[in-house]
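Okay, so here's the structure we're looking at.
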Amino acid sequence: MTVTDDIKARIDIVSYIERTISLKKAGKYYKGLCPFHNEKTPSFVVYPDRQRWHCFGGCSEGGDLFSFYERQHNVTFKDALKALAEEAGVELPTYTKKLSDDQQRHLDILDDLATRYHKLLTEYDGAEQVRAYLASRGIAPDTITHWRLGYAPKQNIIKQLLSKYSADDLEVLGVIYTNDHGQQRCRFWNRLMIPITNGAGQIVGFGARKLDDGKSAKYINSHESDIFHKSHLLYGWHTARKQAQWDSQLIIVEGYMDVMQAHQAGHANVVAQMGTALTEQQIKLITDTNIQTIIVCLDGDEAGEQATARTVDTLIAHADQKDIRIVQLPAGQDPDDIIQSGQWEQTINSALPVIDYLIHTAIAKLPEKPSLGQKHEVANQLIPKLYKLEESSKLWSIQQLASAIGLNPMALVDMANKLMSAKQDKLQPDVQPEIHDNTIEGYIIRCLLEEHVSYWYDLVALFSKFNLPTLTRNDFETHGGVYQQIIDIMDVAIDDTPLDHLDLDPASFSPDTPDKHDFLLNCMYLRLNQTQRTMDILLELQQIEQFTAFLGKRQHLTQIISQIS
């Protein structure tokens with residue numbers, strides 16, 4: 001058990017949140033007015049079994065005990081962990097990661113090299129071209145200083161480097177290499193040097209942009225080493241983390257320059273992903289904080305679209321409980337262009353929720369009048385991705401997809417359940433009542449087991465209205481014993497419960513229905529219609545948990561009717 005799990009086990013989320021708002025039990029969960037926005041209709045739901053909360057109203061946010069504390073007190077995850085651990089009486093372990101002598105020496109070397117490269121950029125006459133390039137990109141002198149940008153000159157400075165550092169260390173760090181002729185050469189030559197830091201702000205490597213029209217790669221990075229692991233780093237994370245946690249929002253872009261321009265313009269919650277897609281390790285940096293919203297804003301070209309798709313897949317797999325949003329830039333533009341045009345905030349505010357992005361990009365590939373087979377192909381591609389989203393979002397996403405591609409929502413749910421059944425990841429929980437036969441009496445017993453008194457009252461009222469003999473034990477040949485047990489538990493007098501609280505039109509039924517079988521079948525059709533109307537209302541209100549429960553009942557009822565009609 002982790003420390004956070006231990007704290008959650010000791011502090012019940014329902015009791016904790018009830019210190020702030022009043023909660024009312026509603027089935028398996030609790031509801032109340034959201035404490036984070038003004039509302040008159042309760043949309044804030046707490047799930048005690050999962051120890052989580054979610055606002056289905058204006059916030060559209062959710063999380064666990066820690067995220068509630070963070071949002072309530074506007075603090076970081078670290079602060080929430082410390083406070084809740086103290087309340088729960090859980091001792092937090094102290095982590096003191098000791099660097100090896102080699103690692104510390106390598107950090108010192110890279111920091112010294114960054115200072116050397118920075119001095120060459122700002123003072124060396126031969127760097128005038130680089131300074132002009134940065135000015136043309138709109139990079140201010142203060143930004144150059146803040147990010148410790150530097151210049152690796154055209155001249156071979158190998159002798160200068162080897163006079164101060166060992167060849168072994170420089171090769172391990174990827175600063176120099178030995179060619180096929182056994183000669184040592186500088187890896188970084190006539191390049192803009194961009195220091196890359198870890199979460200503690202220590203320089204662990206470099207990104208280097210070429211400054212000529214040669215055939216070499218536009219950007220190269222330091223080699224993987226004992227201190228540099230590109231897949232574990234986000235460029236700008238050390239600088240952006242504080243603001244991102246304060247805003248509860250992190251924006252991920254593609255390039256180093258995008259990050260510098262964003263911070264220079266006052267948007268300090270921006271980082272770059274250090275590759276063509278986010279990795280699980282990079283996402284963990286984010287999910288270990290109170291950041292709730294992750295916005296992906298990569299370049300508006302084909303490579304950027306492909307990188308966005310890969311990044312979204314990784315986020316869905318490893319950050320499904322976050323609010324993931326996607327910005328799709330105009331063709332040929334990148335975040336740098338948008339920032340310098342002054343349209344950054346407007347562009348970020350237009351970010352699509354991840355569900356909308358997935359559906360939009362999928363249907364964009366369909367012809368104007370797609371065939372049913374083409375619609376099913378899109379559904380088959382999207383459903384596995386949608387099923388990786390947080391539980392409360394799955395059903396809603398299926399409904400959105402059905403509407404977008406013009407398929408019946410119930411048919412799509414069935415398709416989804418069949419597609420995902422191999423993974424045991426069905427959309428709605430299996431209904432597994434004690435009675436499994438598909439008969440009317442079995443159905444009534446199931447209703448009594450699941451809904452107790454209310455459904456029995458409905459039946460008694462119906463029978464009374466239509467002058468039919470009330471149901472007795474004799475009507476339940478197969479399950480008479482179970483029926484009697486239910487009646488005993490409910491302590492209901494069968495012949496003395498004329499509760500007519502359903503507004504039913506006798507015209508809904510055949511006037512001559514002495515057969516209880518036919519009458520009950522009509523009742524079941526009526527119940528099916530009532531269930532569907534209830535589901536429509538719940539879906540409109542985005543009450544996903546309740547909708548899911550009714551979905552299972554509706555499908556089961558439909559199956560029974562089809563088999564006994």
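Restricting the search to strands (runs of 3 or more DSSP E) fully inside the stretch 169-253 and requiring at least 2 residues that are aliphatic (A, V, I, L, M) and under 26 Å from Asp336 (Cα atoms) gives 191-197, 203-210, 249-253.
Mind checking which residues of the stretch 1-36 are among the polar types (S, T, N, Q) and touching an Asp or Glu at 6+ places or on another chain (Cβ under 9 Å)?
Thr4
The residues listed here are Gly126, Gly63, Gly138; of these, the one that is out of contact with any Lys or Arg (no Cβ under 8 Å at 6 or more places or on another chain) and among the small types (Gly, Ala, Ser) is Gly138.
Tell me which residues, restricted to the stretch 142-154, are among the polar types (S, T, N, Q) and surrounded by 12 or more Cβ atoms within 10 Å (Cβ to Cβ). Listed by number, the list holds a single entry, Thr143.
For the stretch 123-152, give me each residue that is more than 20 Å from Lys210 (Cβ to Cβ) and not charged (D, E, K, R).
The answer is Ala140, Pro141, Thr143, Thr145, His146.
The number of residues in the stretch 358-373 being over 14 Å from Gly300 (Cβ atoms) and surrounded by 15 or more Cβ atoms within 10 Å (Cβ to Cβ) comes to 6.
Look at the stretch 117-130 and say how many of its residues are surrounded by fewer than 18 Cβ atoms within 10 Å (Cβ to Cβ) and under 44 Å from the mean Cα position of the chain (by Cα). Final tally of qualifying residues: 2. Does Gln160 count as of a type in the set (S, T, N, Q) and surrounded by 14 or more Cβ atoms within 10 Å (Cβ to Cβ)? Here the answer is no, as Gln160 does not meet what is asked. When the test is whether a residue is within 10 Å of the chain's Cα centre (by Cα), polar (S, T, N, Q) and buried (at least 17 other Cβ atoms within 10 Å of the Cβ), Gln292 passes it. Considering only residues that are surrounded by 15 or more Cβ atoms within 10 Å (Cβ to Cβ) and touching a Gly at 6+ places or on another chain (Cβ under 8 Å), which ones fall in the stretch 319-333? Gln321, Gln328, Leu329, Gln333, listed by residue number. For Ala265, the conditions (1) touching a Phe, Trp or Tyr at 6+ places or on another chain (Cβ under 9 Å); (2) closer than 11 Å to Ile252 by Cβ; (3) of a type outside the set (Val, Ile, Thr) all hold with the exception of (2). Residue count for the stretch 366-390 satisfying the condition of being in contact (Cβ under 8 Å) with a residue 12 or more places away in the chain and either in contact with a strand residue (DSSP E or B) (Cβ under 9 Å, 6 or more places away or on another chain) or among the basic types (Lys, Arg) (or both): 5.
With respect to Thr76, determine if the residue is in contact with a helix residue (DSSP H, G or I) (Cβ under 8 Å, 6 or more places away or on another chain) and either modelled with pLDDT of 90 or more or assigned by TED's automatic domain parsing to the domain that holds Ala262 (or both). Criteria not met by Thr76.
Just to be sure, is Ile316 at pLDDT below 90, surrounded by 19 or more Cβ atoms within 10 Å (Cβ to Cβ) and in a helix (DSSP H, G or I)?
yes
Restricting the search to the stretch 132-168, which residues are among the basic types (Lys, Arg) and not in a loop (DSSP other than H, G, I, E, B)? Passing the criteria: only Lys159.
Evaluating Pro153 against the criteria (1) within 18 Å of Phe206 (Cβ to Cβ); (2) modelled with pLDDT of 90 or more; (3) within 44 Å of the chain's Cα centre (by Cα) leaves one unmet condition, (3).
The values are calculated or read from the model by the stated rules, or taken from the named source; none is laboratory data. The shown structure was predicted, so the numbers you read here are calculated from the model rather than taken from an experiment. Cβ sites come from the backbone with ideal geometry, for glycine too, and all protein chains shown count toward neighbours.
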